[in-house]
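First comes the structure, then the notes that go with it.
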Amino acid sequence: MTQRVIGGGVMGLAVAAELSSRGRAVTVVDRRAGAGPHHCSWWAGGMLAPDCEGETAEAPVVRLGREAAGWWARQGAQVTQRGTLVVALGRDRAELGRFGRRVAGVTLDAEGVAALEPDLAGRFDRGLHVETEAHLDPRATLAGLRDRLAARGVVFETGEARARGAAIDCRGLAARDALSDLRGVRGEMLVLRAPEVAITRPVRLLHPRHPLYVVPRGDGLYMLGATQIESEGRGPASARAVLELLSAAYALHPAFGEAEVLEIGADARPAFPDHLPRIRRRGETIHVNGLFRHGFLLAPAMARMVAAWLCDGIRPEVCDEDHG
């Protein structure tokens, strides 16, 4: 029997990868051909940072997210494991202390920060290095996984992406027609070209209102993100969001002030009220959703649980069959 996966974003592709690796025939149905900006995961930062996310996220996000880096590497993705550097400006030093009490890492002084990222020498007198974390390029990863699945025999169809009958629904926010408690949380991001900046790992700049993360994409490219707004709006980024992101980047390193703005993007991430993902069965349809801001981090574990349920009858730990 062919397993139908509805939605070709990060969750749908991860489910297809797990099922096809177990010998199941899989067809992925998506509303458009190829990976692209119609997928929320297209706009992701690509940080595989379970411990840093644990500063605000619940314990399952940290535990399940620790599977992600290894899983993506096994799928052929280029995973860079140089950890995450967390810093704060002098006026926000209390934020760094609070963060360090919740997240285990190596505490750095000014020399330690400079040794890790020479371009930040003299700018921060304290930092935290979470050594085990990693990152990847979301767009290259989506395209690469799609190609690998096609070569493995997974069929991709373009058409109406609605879950009917026996299917695995991975549509993200579009699944609100079936999941009444799903909501959108808007995020905005920038892509900059800053050849004068040489940062080699994700850097989180803490701030009580406007925290920033900067993720290197190679060749002088950096992704800046991301705002978090209770809104399902998927339109262009606001001027305020762009100003906040650029101001925070300039505070991290003044050379970002001379960067070229290559892209400004925004989308709404699917989330349940507690910001934890769910696997739900409704009749013949299995819904996999609610990854919130943890798409690349949690998709591997969620896909593994779906495959174990369908192939081995093992009920997922995040299963919810009773909620309407």
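The values are calculated or read from the model by the stated rules, or taken from the named source; none is laboratory data. All figures in this text were calculated on a predicted structure; none of them were measured in a lab. Glycine gets a Cβ as well: all are built from the backbone with ideal geometry, and neighbour counts include every protein chain shown. What goes into the accessible areas is simple: the full protein's heavy atoms, side chains included, and nothing from ligands, DNA or RNA. Shrake-Rupley method; radii C 1.70, N 1.55, O 1.52, S 1.80 Å.
From the backbone phi of segment 197-207, what are the Karplus-calculated ³J(HN,Hα) couplings (6.51 cos²θ - 1.76 cosθ + 1.60, θ = phi - 60°) in whole Hz, Gly and Pro given as x?
In residue order, the calculated couplings are 9, 10, 10, 10, 8, x, 10, 9, 9, 7, 7 Hz.
Where nothing but the Cβ of Lys and Arg (+1) and of Asp and Glu (-1) is charged, how large is the charge dipole of the chain around its Cα centre, in debye to the nearest 20?
I would put it at about 720 debye.
Considering only protein heavy atoms and a probe of 1.4 Å, how much of the accessible area of the chain is carbon and sulfur, as a whole percent?
With neighbouring chains kept in place, the figure for the chain is 49 percent.
Please report, largest first and rounded to whole Å, the three semi-axes of the ellipsoid equivalent to segment 96-230, where each semi-axis is the square root of five times an eigenvalue of the C-alpha gyration tensor.
Output for segment 96-230: semi-axes of 37, 20, 14 Å.
Within the set of other residues whose C-beta is less than 11 Å from the C-beta of residue 205, count the net charge using Lys and Arg as +1 and Asp and Glu as -1.
That works out to 0.
Rounded to the nearest 500, what is the chain's calculated 222 nm mean residue ellipticity when only DSSP H runs of at least 4 contribute -39500 (n - 2.57) each, over all residues?
Roughly -8500 deg cm²/dmol at 222 nm, from the helical runs in the chain.
Any idea what angle helix 10-21 forms with the longest principal axis of the chain, computed on alpha-carbon atoms, 0 to 90 degrees, nearest 10?
It is inclined by approximately 60 degrees.
Evaluate the distance, in nm, between pseudo-label points positioned 7 Å from the Cα of residue 27 and of residue 155 along their respective Cα→Cβ axes.
So the two model labels end up 0.4 nm from each other.
Which listed residue (191, 255, 301) has the Cα farthest towards the positive end of the charge dipole for the chain, taking +1 on Lys and Arg C-beta and -1 on Asp and Glu C-beta about the Cα centre?
Of the listed residues, the answer is 301.
Report the charge-dipole magnitude of segment 146-191 in Debye, nearest 20, computed about the Cα centre from +1 at each Lys and Arg Cβ and -1 at each Asp and Glu Cβ.
80
Return the whole-Å distance between the Cα centroid of segment 72-93 and the Cα centroid of segment 175-252.
Each part's Cα centre sits 15 Å from the other's.
Enter the per residue convex hull volume of segment 34-90, computed from alpha-carbon coordinates, in Å³ rounded to the nearest integer.
Per residue, the Cα convex hull of segment 34-90 comes to 130 Å³.
Spin-label point model (7 Å from Cα, Cβ direction): what's the residue 200 to residue 115 distance in nm?
1.3
Under the Kirkwood approximation for Rh and a Cα-based Rg, what ratio Rg/Rh is obtained for segment 79-133?
Dividing the radius of gyration by the Kirkwood radius yields 0.96.
Taking the mean number of other Cβ atoms within 10 Å as a proxy for protection, how do you rank 218-229, 233-244 from highest to lowest?
Result, highest mean first: 218-229, 233-244.
Rounded, prolate or oblate for segment 132-195? Axes are the square roots of the Cα gyration tensor eigenvalues, ordered a ≥ b ≥ c, and the cut-off for rounded is a/c under 1.5.
Taking the square roots of the gyration eigenvalues as a ≥ b ≥ c, segment 132-195 is oblate.
So what's the gap between the Cα centers of segment 4-27 and segment 280-305, to the nearest angstrom?
One Cα centre to the other: 12 Å.
Along the charge dipole of the chain, which of 118, 106, 68 sits closest to the positive end, that is, farthest toward it, with unit charges on the beta carbon of Lys, Arg, Asp and Glu (+1, +1, -1, -1)?
Of the options given, the answer is 68.
Over every pair of different alpha-carbon atoms in segment 194-324, take the mean of 1/r and invert it; report that Kirkwood radius in Å.
17.4
Leaving out ligands and nucleic acids, note down the accessible area per residue over segment 1-143 with a 1.4 angstrom probe, in whole Å².
For segment 1-143, the solvent-accessible area averages 42 Å² per residue.
How much area per residue is accessible in segment 279-324 when the probe is 1.4 Å and only protein heavy atoms are counted (Å²)?
Accessible area per residue, segment 279-324: 36 Å².
In square nanometres, what is the average projected area of the Cα convex hull of the chain?
15.6
Kindly list the residues of segment 88-121 that lie in the label zone of residue 132, defined by a backbone N under 11 Å from the point 7 Å along the Cα-to-C-beta vector.
Once the point is set 7 Å along Cα→Cβ of residue 132, 104-105 turn out to lie under 11 Å by backbone N, inside segment 88-121.
Using the reciprocal of the averaged 1/r over all distinct C-alpha pairs, how large is the Kirkwood radius of segment 18-134 in Å?
16.8
When the dipole is taken about the Cα centre of segment 196-324, and only Lys, Arg (+1) and Asp, Glu (-1) are charged at their Cβ, what size is it in debye, to the nearest 20?
220
Using only Cα atoms, tell me the angle between helix 295-312 and the longest principal axis of the chain; keep it within 0 to 90° and round to the nearest 10.
30
How large is ³J(HN,Hα), in whole Hz, for each residue of segment 224-239 in order, when computed from phi with the Karplus curve 6.51 cos²θ - 1.76 cosθ + 1.60 and θ = phi - 60°, using x for Gly and Pro?
Working through the residues one at a time gives 10, x, 9, 6, 9, 10, 6, 7, 9, x, 10, x, x, 5, 7, 4 Hz.
How many percent of the alpha carbon pairs in segment 253-311 exceed a separation of 20 Å?
46
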